[in-house]
Structures are given as C-alpha cells and as structure tokens.
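Colleague: I am attaching a structure below and will ask some questions about it afterwards.
No value in this document is a laboratory result; all are computed from the given coordinates. Owing to the predicted nature of the structure, the values given are computational and were not obtained by experimental measurement. Cβ: placed from backbone, ideal geometry, glycine included. Neighbour counts: every protein chain shown.
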Amino acid sequence: MSQSNTSLLDEVVQWSQETCRQELKSVLPKLTSLHHNSESWDDHIRILKIIIDKFLPHIGLSELEDQCFSKILPKAVTVFDSMMKEISDQVAGLSSQNTELCAFLRNLLQAMMQIIDALSTIVRHVGSFEEAPDLDAIRSLPTCILKVLRETFQHCKESEVVYCGRLSLVADLLQGLFKEAYSLQKGLLELLDRISLDGSASQEEVSNIVTVIHSLLDICSVISGLDIALHANTWKFLIRQSLKYQKLVEEHLHHRDISTSLCDNLLAVLNNSVELAEQIKCAGLQEATQSPEYKLFQKSAKMCRFFANTLVHYIKEFKFFLTKYCSCFHQLYLQVISKFPPSLCAPTLPTSLSEELNAAALVPMDALLVQLLPLRPFAEVVLQQNLCLHPEHKLPQCVLLVNVLGQLTSQPEETLQLWYTGSQFSEETPRLPLYRALFISFRCCYTERKVPVRLPGVMMKGQAQVQITLHHHICVHLCASVAALPPVYFPVLERCLIDAVLQADTQTALLAADVWCFTARYGTAELCLHHVLLIAQLVKTCTTECYQSLHLGLLLRRMVFLMTPNHQMELVMRYPPSEVENLPVWQHILLRALSHDARRHVEADITGFTQKALTDWENGGYKLGQVNKVNMALLSLQVVVRGQYSPENECVSSAARIVTQLWLRMSPDQVQTHPVLQCTLQLLLTMSAILVKNMDPQVICQALLCVDALVPQKCVDQLLLAALEFLSSLGKIFVPPDRQSHILPRLSSLFGVLLADRSWLLHQHALEAFSHFAENTNHEEVIAQSLCVEENKTKVVNYLSKTVNAQEDEESRLKRLKLETPVIEEHNEKLEYNTDNVPNKLAAEAIADTEPCPKKARQETSTEEYSRYIQTAESSLKALLALVDGKAHNAAPPPQWFESRLQELQTLITHISTASHTT
C-alpha cells in the first residue's frame, strides 16, 4: 500500500463519527477501492474494519447494498478463501518444533476470526434498524456470509484430518473460530427471519431466498455430526423459510436434495441412537439416567424425532413436488422398521431405551404413511410386481402393507381404489392389489415365520396385550379389513384369496383360508354356499396328488362347518357321493360337519358305492386294471370311517366288512410287485387303525404279513407312515392266545425295524407310534422284544424323558433358517411352474361360474395296451407260482377253491390265444 493510502487510513481512524458522516460520500468510494485492491491480508482486514466501524452507521438502509455490501463482501469472501487455502498448503509442516509456521498459522486463524467478527458487526447493524430491510437491499450479505460459514464449518469438521495429530497446537483458536461462526449464523438467521416477501416480490428476490435455502441445505450437510443444536436450528430455519415463502419458492426448490437429506439424516441419527443404546446396555448403564452416555442418547433420540417429524411436515406441504422420490420414502420406511423388533436384524435393547426410540422414530412412520397413501407413485412402488428386497426388508415390507391396510378405513374413495384394485389398464404402471401383495409379502417371510417372530396383538376386554405370531397378526388385520371393505372391492378380495390358496406355500394358503372362512362367517349364508360350490368345483378340477388339491381340500373341510343344514343338503345334491367324479370332493369333508340328514345321506351313498365297486371288482375276476376304481372308493370310505366313534355303529360295521373282505384278498407278493396295490394297502392300513376293534385276529395277521413284506423295501414314506399308524392302534386290542404267536413276534419285529430307520421323519413317527402303543397295550412282552437293540432302547427312553441330545443355539438356528429360505422358495417356484396341476385359468373360470372342461386323457396305442395287460398277467402268475412253491414268507396252503379257479384261468388263456389267431 502506498504511503498516501496509509496516511488516509491513519487520518480516517482519528475522525469522529460526525466527520465520518460528513466525508462519507467522498471517502467511502476511496476506501472501498483500496479494499478491493488490497493485496495483504492485514491491509484487507484493517480497511474492512474502518469501513464497518466508521462509515457503515451513516449509510442509509436503502443504500447499503450499492454503496457498501456489493463492493466489500465479495472481496472478504475471496480473502477468507485464500486464507483457508494457505492453511491447507502449509499445514503439512506444522509441528511443535516449527515455531515460526505455528505462529503463522495461528495468526491466520486469528485473522479469519476477525473477518467473521466484522461480518457479525454488519449483521448486528442491519438488524438494529427498526424497519426490517428488503431482501434486495442486502442481497450480497446472506450469500457471502453463508459461503464463509460453510468454509468455516467444513474446516472445523475436518480439523482432525487436516491437522493430523497436531490439532492441539491450534485447538483453542479453532474452538474460537467455530464459536464466532456459530454466533454469526445465529445473527444472520434472526435477521432473515425479520424479512418478509409478498406476492409482488421480484424474480430476483425469489431467486435470492431460494439461494439462501439451498446454501443452508449445503451447510446442513457439513454440520451434520458437528453440533446437534446448530444442526437442528439450521434445519428448522430452512424448513420455516420454505413454508414461509411456499407459493413463491415451491417450483424452484431442490425438493429431491431436501427430502433425501432429511431421510439420510433421520437414518444417521437413528443408527447413532441404536449404537449408543447398545453401548449403554453393554456397559450396564441403563439405570444411570444421569450418565453422560444416557444424556447423549437422549439428545440423539430427540434429533431422531425432530428429523422424522420434519420430514412428515415437509411431505405434507410439498407432496405434489415429491412424487418422483416415493422410492426413497419407501426405502426409508423399510430401513426404520428394520431397526426395531421383531426384525431379526434389530438389536435387543433395554425396555426404557427401546420405548424412547419407538416414540422418536417408529411412531412418526404412521404419520409419514398417512401423507404418502394418496400418492399414486408411492402405491406403485410399494405394490410393484416382483419387488426385489434385501432379506432384512422383507418383514418390514409386510409390516408396511399391514399398516396400509389399517389406514385405508379412513381414506377417501380415490385412495381406496388406488390400493385395493391394482392396475386396471395396460398404460398404467403395473401394481398388485393390496391383498395379493400382502399374501406375497407374507410368503417371503419364511425365516420370520419359522423363528417365529412376535408382534403386538390386539387388546381385548381389558386384558393385557400379548405377543402373537406374524400369521396371527396379519390374519387379525386382514379380517378387520374385510369387515370394513366396501362391497365394490369384494370381487378383488375373492380373486386374491383364490390366488393365495392355489399357490405353493402351505402356510400362505392357510392364512388365505383363515381369511376366507372369516369372510364366509361374516357374510351371508348364500355367500358361504356360493364359495363352497366354487371350491368344490376346483377340487374336482385338481389332480389327486397336486398341492392345490391339498390346499383346497383343507379350505373345503372348514367351510362346510359354516353352512346351514339346507345348504349342506344342496351340496350333497349338487355333488352326489354316489357318482365317481364327485369322490374327490367328499374325500376332504368331515362328516361331523354335516347335519344329521346330510350325514346319513352321504354315509349311505359312499358305503353303497364302495360296496358296489368291490362287488364289480370281484365279478370281474379281481383284475388289476380295476384296482384304481377300488382305491377311489376306499378314499371316500375313509370319510365315513373317520367320522365315526362308536364301534357298534351300522356304518362302522359295514366299513369293517369291506375292509376285512379286501384284507383277505391282499397278497404280500402282489403288493410288492404292483404299486397300485401299495396304494390300496395304504388306504386299508389307515382305515384299519380306526376299525381295529372291529377286525378279526386273522385279518390283523394278514395285514401284518403285508406290512412285513414291504418294510424291508424302499417303499414310499406315506405307506410306512400308514403302517405306523396301524401298528400304534394295535395297542388298543387284546390278541387271543391262539393268535399271539402269529401276531406279537411280527409286531415286535416291525417296531424294531422302523425304530431303527435313518429317515428323521419315519424315525420320529416310529417313536410316537411305539410310545402310544406302549401306553395302551396289555402285551408288555412286545415292548421288551421291540427294544432288544440297545440303540433303539436308548432312543425311546430319551424320547419319553424328552431328552434333547444336541441343542442348537439361536444364532446357528437363525443362520440355518436363512440358508433354507432360497431352497424352499426354489422348490415352491418349481411346483408352481408345473402347469399339469391347476392352471390359474381354471380358477378364473370357476370364479366366473363357468364349468371348467376336464383335461382329456391321452389315449393308449393298441401295442401299449397289449403290453400293459400282458405285463400285469405275467406279474400276477409269477407271484402265484411263488406262493404255491412255498417260496413266499410264511405262505399258507392253497384254499379249496384254488384248483377250480386255476382251471378257469387256463380256459381263459386258451380262449385268448384262439381269438388272436382267428384275428
């Protein structure tokens, strides 16, 4: 600086305020020019202070911007930035030994504090006017100050990295710098709060206030984690200004940045709160409410509540500008829910801390959901098809959908249609109906269902709230929703229920069945009848071994209990049990669900049909080709047998005669050879377990012979399970002495073999069957002989004493369940991919009251037909030869009619041979 300029500065410093006021117009331009051209930091600060102290008080409010601020503030920012850069360039050499550099850097920090102090003086001066200034009159002030503040806070935040272990050399000045900046921001925000813009504000003024809001948003990202109070106050002002000038600025705000920043801050403070709570738990400090850790947790939780409520308020006011960011809000909701029980990844926290966090973060999520419900993009995100979620977010998604269900009762018609119906037109973004999305989401929570997780139940009759399973929780809310569902959406509900029942996951199908039964009970008797007839038609459509048949059968069994007696008779008339095509329907129905008249009608029809099928088989020469019809009849006879309790009942006697007649026709060797007879054997064993008290010892002996012949083979599990059921039932009877030598040793042998089975399923059922037999039997010698192998004896003793050999720890079990999930999902997808089961098309046709066309069976070629019958005859004759030769195990001598029947077969074979030559 030249000597003349220095003299001017020295002279001005000595002036009085009156002199300054008089010389303002002549001297101030010279000073601002000197300030602009100053090259040293010291000269800049000196001139800046002179202008502020001597001349600023004499400048009118309307002239501040043009005469002073626009000329000195940009330069102040430039100088401040150069100081920051100099620190960054020189700080690497800072050490306690390098006293010269240390002094230099400390002087720089003090100079920066002086600039901030000068800016604070300006703010206080502008704020001292009684009249609030127009924003245009001080437009340079907020912009320049916010730039300085951002740089200052950024430097303080990064100080540990910037000074890298030498922070102690300048820590006192950094603390002072932060305090000065804190005070400057507080003063600036108070000043801006006094300013008001009305609808006539210029475009430039609107642009200025938008710039201020965005600059504060930038500062918020810097001070996050630096100072809680400063962070909260800055956000409060930012939101307050956005709402204050909402009509002016809403189209210009960076809504994405603001909303995303609020979401990020909420998650950050929530994670911090959870970590603090875990630290308090580990340190055992949860009772020490005055501890520093607990106070820090409270502050963090308070910030959590602040950000959650602020986000809700912001969405409420600007929701139509936020529709593009609904995916962000959806993810936020899932992430917040995942931090709390029953989420498997949520930590277990002390009750007091958990409740405080619930109030801070979880409760505001309900308010957030209320704001988002009317937004179509949010519904499209939540209800999108094939939603890909992180495993930790599958349960939160399910919770979200349940909460949506609970909120819809108070929503307008447009919102109900948005969520209940799903997408209706091809041009819409595809979205699922809410009910279907909920069933899909429940299906995805395999691990949570197996653990099982627990959720709050509904308080009833003043009783304490209990924790219930996810299945129970969703079922309660679904049923409550159905009770309040407007009739127009009922067809959607029906389609979603049938879809859920027909998919592969059994527990999801059971959930749908629970809701369906509630719907039938809550609705009219005619509705219940309509649904039962629909389900019965679908059962007829299914093949006998598909999973859909099982799910529909379980539902049908329950629904029949809900029908009126007249409607039950209508079901009997619509699907007469005497017709073979209706037998699949009656295989699933419990007779005790029927009224007296309907029950007698069904019993008589089924018993008569079974007896006729057996008579036709006998008259046809017991051909293997007719066994399938016999098996179908036996499946229906199970319905009658299962529904009886008194051995003296007429139906029981009839069923026992039929079962006895069949047992006497069963040959162990034929059963080994022909799978169709194994199905017959399984049915006979199941019914014999119920009818055992009505069976002769000779028949029981024959049954044991068949079982003994099959157990060593690798036959299907269902057959062995039926055998165990039958063996267990033998504990209820006393074997006459003349038959004990034939029955008891074989019984002991079978129990011994099955108890040693390596399949966990069969082994478990064998333990249960043997224990049940042992509890009831009078033949205690069977128990001892069955346990002659020490390993079997140990297993039974451990089972009876409920001894657990290896206890799986909770962490290992959870890990195993998570590994099982993709395997089971893949299995279910394969089942559903098999189109030979029940296509969805048939379900849709049934719902529309259209009679589905049965699938036409493939016609055999003549060659295939000849081959099949020859193989059957050959197998039967070989088995008969083995029986006659005495090669079969414990074969009895041929009966008296054997020779005559053999001659008839010879004649038949001769006739076939003659007919083939003639042809």
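Colleague: Using the Cα centre of the chain as origin and beta-carbon charges of +1 (Lys, Arg) and -1 (Asp, Glu), tell me which of 165, 789, 322 is placed farthest towards the positive end of the dipole.
Modeller: Going by the charge dipole, the pick is 789.
Colleague: Could you list, in their original order, any pairs among 693/795; 25/147; 450/815; 25/71; 30/71; 244/319 whose Cα atoms are separated by more than 18 Å?
Modeller: 693/795; 25/147
Colleague: List every residue whose amide H lies under 5 Å from the amide H of residue 468, counting only residues 5 or more places away in sequence or on a different chain, with H placed 1.01 Å from N in the peptide plane.
Modeller: When sequence neighbours closer than 5 places are left aside, the close amide H contacts are 455, 457.
Colleague: Only Cα pairs under 8 Å and at least 6 apart count here; give the relative contact order of the chain as a rounded whole percent.
Modeller: The normalised contact order for the chain reaches 6 percent.
Colleague: What lysines sit close enough to residue 339 to cross-link, taking a C-alpha to C-alpha distance under 18 Å and skipping anything fewer than 8 places away on the same chain?
Modeller: Cross-link targets: 281, 302, 394.
Colleague: Which listed residue (268, 237, 201) has the Cα farthest towards the positive end of the charge dipole for segment 194-302, taking +1 on Lys and Arg C-beta and -1 on Asp and Glu C-beta about the Cα centre?
Modeller: 237
Colleague: Equivalent-ellipsoid semi-axes (√(5λ), Cα gyration tensor) for segment 373-523, whole Å, largest first?
Modeller: Those come to 23, 19, 16 Å.
Colleague: Subtract the Cα-Cα distance of residue 92 and residue 355 from 0.36 nm times their separation in residues, and report this length gain in nm to one decimal.
Modeller: Working: separation 263, 0.36 × 263 = 94.68 nm, distance 4.80 nm.
In short, 89.9 nm is gained.
Colleague: If you count, for each residue, the other Cβ atoms within 10 Å and average over each peptide, how do 432-438, 21-27 line up from highest to lowest?
Modeller: Top of the packing list down: 432-438, 21-27.
Colleague: Any chance you could tell me what percent of the C-alpha pair distances in the chain go past 42 Å?
Modeller: 58
Colleague: What order, most packed first, do the peptides 225-234, 486-495, 10-19 have when packing is the mean number of other Cβ atoms within 10 Å of each residue?
Modeller: The densest-packed peptide leads the list: 225-234, 486-495, 10-19.
Colleague: How would you rank 791-797, 445-451, highest first, on the average number of other Cβ atoms within 10 Å across their residues?
Modeller: Highest mean packing first, the order is 445-451, 791-797.
Colleague: Moving on. Give the Cα extents of segment 1-67 along the principal axes, in whole Å, largest first.
Modeller: 31, 23, 17
Colleague: Hey, which of these cross-link pairs are over 23 Å Cα-Cα: 247/316; 85/179; 49/236?
Modeller: Beyond 23 Å between Cα atoms: 49/236.
Colleague: In the chain, with Lys and Arg counted as +1 and Asp and Glu as -1 at Cβ, which of these residues, 701, 488, 90, has the Cα nearest the positive end of the dipole, that is, farthest along it?
Modeller: Most positive-ward Cα: 701.
Colleague: What is the dipole size for segment 411-545, taken about its Cα centre, with +1 at each Lys and Arg Cβ and -1 at each Asp and Glu Cβ, in debye to the nearest 20?
Modeller: Its charge dipole is roughly 520 debye.
Colleague: How tilted is helix 140-157 with respect to the longest principal axis of the chain? Cα atoms for both, answer in degrees (0 to 90, nearest 10).
Modeller: 60
Colleague: Continuing with the same structure: For every helix of n ≥ 4 consecutive DSSP H residues, a contribution of -39,500 (n - 2.57) applies; sum these over the chain, divide by its total residues, and give [θ] at 222 nm rounded to the nearest 500 deg cm²/dmol.
Modeller: Estimated from H runs of four or more residues: -22500 deg cm²/dmol.
Colleague: Could you derive backbone 3J(HN,Hα) for segment 369-374 from the dihedral phi with the Karplus parameters 6.51, -1.76 and 1.60 (θ = phi - 60°), listing whole Hz in sequence and x where the residue is Gly or Pro?
Modeller: Result, ordered by residue: 5, 4, 6, 8, 3, x Hz.
Colleague: Assign unit charges at the C-beta atoms only (+1 for Lys and Arg, -1 for Asp and Glu), then state the dipole size of segment 320-450 relative to its Cα centre in Debye, rounded to the nearest 20.
Modeller: 400
Colleague: For a test of the definition: using alpha carbon positions, the gyration tensor, and the 1.5 limit on a/c, classify segment 670-805 as rounded, prolate or oblate.
Modeller: Verdict is oblate for segment 670-805.
Colleague: Continuing with this model, one more query. So what is the orientation-averaged projected area of segment 531-646, using the convex hull of its C-alpha atoms, in nm²?
Modeller: The number I arrive at for segment 531-646 is 7.3 nm².
Colleague: Taking K and R as +1 and D and E as -1, what net charge do the other residues with C-beta under 13 Å from the C-beta of residue 763 add up to?
Modeller: Its environment carries a net charge of -2.
Colleague: Then there's this: For residue 390 paired with residue 30, estimate the spin-label separation in nm (one decimal), with each label point 7 Å from Cα along the Cα-to-Cβ line.
Modeller: So the two model labels end up 6.7 nm from each other.
Colleague: Further question on the same structure: PRE reach from residue 283 (point 7 Å along Cα→Cβ): which of segment 329-357 fall under 11 Å by backbone N?
Modeller: Answer for segment 329-357: none.
Colleague: Among the lysines, which have Cα under 21 Å from the Cα of residue 830 when same-chain residues fewer than 8 positions away are ignored?
Modeller: Correct list for residue 830: 818, 841.
Colleague: Related question: In debye, nearest 20, what is the charge dipole magnitude of segment 670-805 about its Cα centre with +1 on Lys and Arg Cβ and -1 on Asp and Glu Cβ, if you could check?
Modeller: Computed charge dipole of segment 670-805: roughly 140 debye.
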